[in-house]
1. Given a 1.4 Å probe and every protein chain left where it sits, what share in percent of the accessible area of region 231-357 is carbon and sulfur?
2. Starting from one equal scatterer on each C-alpha and no solvent at all, send me the Debye-based log10 I(q)/I(0) for the chain at q = 0.07, 0.12 Å⁻¹, two decimals.
3. Treat every Asp and Glu Cβ in the chain as -1 and every Lys and Arg Cβ as +1, leave all other atoms uncharged, and give the resulting dipole magnitude about the Cα centre to the nearest 20 debye.
4. May I ask you to order 192-199, 99-106 by the average number of other C-beta atoms within 10 Å around their residues, highest value first?
5. Which distance in nm do the two modelled labels at residue 337 and residue 357 give, with both placed 7 Å along the Cα-to-Cβ direction?
6. What number, in percent, do you get for the relative contact order of the chain if the mean sequence gap of Cα pairs under 8 Å and at least 6 apart is divided by its residue count?
7. What is the helix-to-structure angle for 112-127, meaning the angle in degrees between its Cα long axis and the longest Cα principal axis of the chain, kept from 0 to 90 and rounded to the nearest 10?
8. Using only Cα atoms and rounding to the nearest 10 degrees, what angle (0 to 90) does helix 216-231 make with the longest principal axis of the chain?
Amino acid sequence: MAQPLAREVAEEVAKLNGVCVRPVALRRLDLVTGKEEIVDVPCGATLESKCPSCAKRNRQLRMAQCREGWHLAEEPVITPDPATEEQRWLVEFRADMQARRDAAASAGEDTSDWDAVLVGLDEEINAAGMRGHVLGRTVPKRVRSTRRRQDAPDLPKRKMTNTTLGRTFETSDGKVYRPSLFVTLTLPSYGKVRDGVPVDPESYDYARAARDAVHFSKLVDRFVQNLRRVAGYDVQYFASVEPQKRLAPHLHMAIRGTLPRAEVKQIAAATYHQVWWPSCDEVRFKGEHLPVWQDGVGYLDSDTGEVLPTWDQALDELDQDDDAKPLHVVRFGAQVDVKGVLSGTPDADQCIRYLSKYLTKSLGESIDSRAQQEHAARFVEALRYEPCSPTCPNWLRYGVQPKGAKAGMAPGRCRSKAHKPEHLGYAGRRVLVSRKWSNKTLAEHKQDRRTWVLEALGQANEPTDPHRFVWRPVKPGDPDLAPVGVRLLRSVAERQRWRAHLRELEARASGQDLSATGEEAA
Ligand SMILES: [Zn+2]
Ligand SMILES: [Zn+2]
């Protein structure tokens, strides 16, 4: 039993070689040659959870994206590119899944699994470099009464100029500097912490920590709005959301261009976000006494027959109440770090590594000690009944029907990411990149790498006709599908052939360099 399983060793070897360990097999019909074969697609390009190899590759892509945009010297031109084959495939696949979901719905079946698939696919569609939602904006945005509009904080305001580039500075000897910023923003204190663990768990404000984490991404949006207003230009950023040791999310942000350090701190201090949601002060339903669903009516209190207000009704009520207060106001903590960074310096490289350091880990994954595990468990408990979004079933606990209410909902049974131990309240994206950052989508950065390798190998990188191939899923048990161990080892062999070839080219190139210098020296 001490002997390792060969299948596991194959996976280990695949990991060491940067080969995807959870490849997705697809049948590919080549319309030009008529050849049909099974092709492995890295899992990173589909719904499957990421494997270390794909995660690492994604991280490297993000680093390239961050580097290219940070100190851009020319204004990016924004014209959307034609969709790539992968993008088209994803959208087609989504259409297929939507059809199956709709079929399930009309057959009166539970669609929640399909819905979850669609949500995941929409994320994949964005991750593949497509902006927005395939369905466009499906729900008209609610117009809130002007009274509720959040005031712009009291900050200096510069006249807006139509540029995304920061200022440059020229020294007397004509050298041009392009300074930029690296900013770190944290959330406030919830109680004294030692080694990432509350000193006194009883008094640590878990409720607030949970609520702040849920609304953190909105706060970041506000910060960017305020930053642009003060800076007076279309500030671009590349940011990543990462866990602090105390498990609160915090933000590292590379900003193109520069502002006085004091001003950035002033903006962070003045930025806040008000959450205009119904109150959750009073627990109205818990234990055995939960609202019951009635078709055509909605959720009602089985004791009194009272139908609970719908989400829209609850918001209308809030709008009409002059004394209403926001459910929550989230602000940054006092700890704001602002650092000036010059392009092309080791300093800039270090920041880029820092920005992508935790990208391959989930927020709740950096837990090592027993005390931290307990801390994480209390955090998750605080999130259990916290409404994470208008559609969260937890609203039933506070006597409100969630937006889009349907049968089978119960408080504490929300399936959204926010409540899960891996996410700890923050369900948003881990990497936030403004639209005019590197002027390239992630898919284009991917293509850059591919082109580079192909050129090094002396192969033409001819664009393939997107209509050349027809892709179909492979059914489990397909006799043509080799066992996964075999497929992994095949990929490893291929990868090693490429590597060897690249090394050979490299050696040849550096050999030429050496002989060139040799001649010069002679
Ligand atoms: Zn993979
Ligand atoms: Zn929820």
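1. 46 percent
2. Per q value, in the given order, log10 I(q)/I(0) is -0.51, -1.40.
3. About 980 debye.
4. Numbers: 192-199: 14.8, 99-106: 12.9.
Top of the packing list down: 192-199, 99-106.
5. Taking the two extended label points, one gets 0.7 nm.
6. 22 percent
7. The two axes meet at around 50 degrees.
8. For helix 216-231, the angle is close to 70 degrees.
The values are calculated or read from the model by the stated rules, or taken from the named source; none is laboratory data. Note that the structure is a prediction, hence the values are computed from the model and not measured. Neighbour counts run over all protein chains shown; Cβ positions are idealised from the backbone, glycine included. Areas reflect the complete protein model, heavy atoms only, side chains present, ligands, DNA and RNA absent. Shrake-Rupley method; radii C 1.70, N 1.55, O 1.52, S 1.80 Å.
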